[in-house]
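For reference, the structure discussed in these notes is given below.
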Amino acid sequence: MNTLLEQIVTDCGHYASQGQVAHYIPQLAVVNPNKVGIYVISENGENFHAGDCFDTFTMQSVVKPLILLLALMDSGSEKVRALVGVEATGKPFDAFNYSDQALTGANINPMINTGAIALCTLIEGDTYDIKFARLLELARKLAGNDELDVDESVYLSEKETGNKNRALSYMLKAYGLIDDPVEEILDCYFKACSILVNCKDLAQIANVFAHHGRNPATGEEIFSKEFARYVNATLATCGMYDGSGGFALNVGFPAKSGVGGGIMGVIPNRMGIGVFAPALDKHGNSVAGVEMLKRFSQVMDLSIY
Ligand code: GLN
């Protein structure tokens, strides 16, 4: 398997030249676009990897399934479903173009910015610092890595320049979807996006989702099957933003990407995969990352459809 992964890394590295690293967060623009890594945890718990899989990068939107999961664990699926819908928007992750009638909970989903920002309000905790601390604790538990932490420079960079997310949040507020102070909610969201991980961390997190909330390495039930189904279904339909349909067709399993260049792939009942390659396509998905997952899926026959 390691030979296969090494071959995939070698074959897919050049796809980086078809994309660009994210520029709208200044600290992401300084990343080396030629990094490529993959990490796979297989059905029997074996670990395989190739390339720059131990390089760290910020989770960015890959944290959205964790925000959704914690909101579900803390507030239950009825409240979550009432606040944020599950239909694909077919729009970019930071789209503004909602008509006056369309900015309702039903017209957003947990995998785009507005949905994730709104769901931060359903995480338990008297302050947004506490809510974030609980989210970080969940990320550490799912990844089996107590060292996970925030990249301060990316967090501050996004906090300083994240005016589009501010505007989206004030829209949520204007339409009555959130009540709390925007800056406090966003502070939690920006920190969440800035959690540093590597491909192994993503593969471990994905593997818990693949096993419906149970960590197969320890046997621990971290969350319910019901919540795993909720999150995995949302990943399948919306996890790759407005590239989710093409990804379903070409790769064929639930996944979540982030503008840091990471993607986690969840193969239900089977495996967790983490890939990293920072150059992004027009949807904000890692170009080489998607290509690596496509090749791996084809060779291993992983499409669930
Ligand atoms: N922090 C990023 C933002 O809010 C996350 C977006 C992403 O990864 N697509 O814009």
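The values are calculated or read from the model by the stated rules, or taken from the named source; none is laboratory data. All values reported here derive from a predicted model rather than from experimental measurement. Cβ placement follows ideal geometry from the backbone for every residue including glycine, while neighbour counts extend to all protein chains displayed. Ligands, DNA and RNA are stripped out before the accessible areas are found, and what is left, the full protein with its side chains, is counted by its heavy atoms. Shrake-Rupley method; radii C 1.70, N 1.55, O 1.52, S 1.80 Å.
A few comments on the model shown:
- When residues of the stretch 21-34 are limited to those that are open to solvent by 60 Å² or more (accessible area, probe 1.4 Å) and under 19 Å from the mean Cα position of the chain (by Cα), the one nearest to the ligand (Cβ to nearest atom): Tyr24
- Any hit, the stretch 267-282, residues being open to solvent by 20 Å² or more (accessible area, probe 1.4 Å) and at positive phi: yes
- Checking Gly51, Gly45, Gly37 one by one, the residue that is open to solvent by less than 10 Å² (accessible area, probe 1.4 Å), away from the ligand (no atom under 16 Å from the Cβ) and within 22 Å of Glu147 (Cβ to Cβ) is Gly37 and no other.
- Subset of the stretch 217-235 (residues that are touching a residue at least 24 places away in the same chain (Cβ under 8 Å), open to solvent by less than 50 Å² (accessible area, probe 1.4 Å) and away from the ligand (no atom under 16 Å from the Cβ)): Ile222, Phe223, Phe227, Tyr230, Val231, Asn232
- In the stretch 118-139, the residues that are β-branched (Val, Ile, Thr) form Cβ pairs under 7 Å with partners that are not in a helix (DSSP H, G or I), at six or more places apart or across chains, as follows: Thr121/Ile178; Thr121/Asp180.
- Residue in the stretch 61-81 that is in a loop (DSSP other than H, G, I, E, B) and acidic (Asp, Glu) present: no
- Per-region count, the stretch 155-210, residues open to solvent by less than 50 Å² (accessible area, probe 1.4 Å), hydroxyl-bearing (Ser, Thr, Tyr) and more than 13 Å from the ligand (Cβ to nearest atom): 0
- Condition broken by Gly90, with the remaining ones in (1) part of a helix (DSSP H, G or I); (2) within 16 Å of the ligand (Cβ to nearest atom); (3) open to solvent by 30 Å² or more (accessible area, probe 1.4 Å) satisfied: (1)
- All positions within the stretch 155-180 that are under 15 Å from Leu83 (Cβ atoms) and basic (Lys, Arg): Lys173
- Pair list, Cβ under 7 Å, 6 or more apart: the stretch 149-166 residue over 20 Å from Thr114 (Cα atoms), other residue of a type in the set (D, E, K, R) and within 12 Å of the ligand (Cβ to nearest atom): Val150/Lys191
- Evaluation of His23 against (1) in a helix (DSSP H, G or I); (2) without any contact (Cβ under 8 Å) to a residue 12 or more places away in the chain; (3) over 30 Å from Asn269 (Cα atoms) (one fails), failing number: (1)
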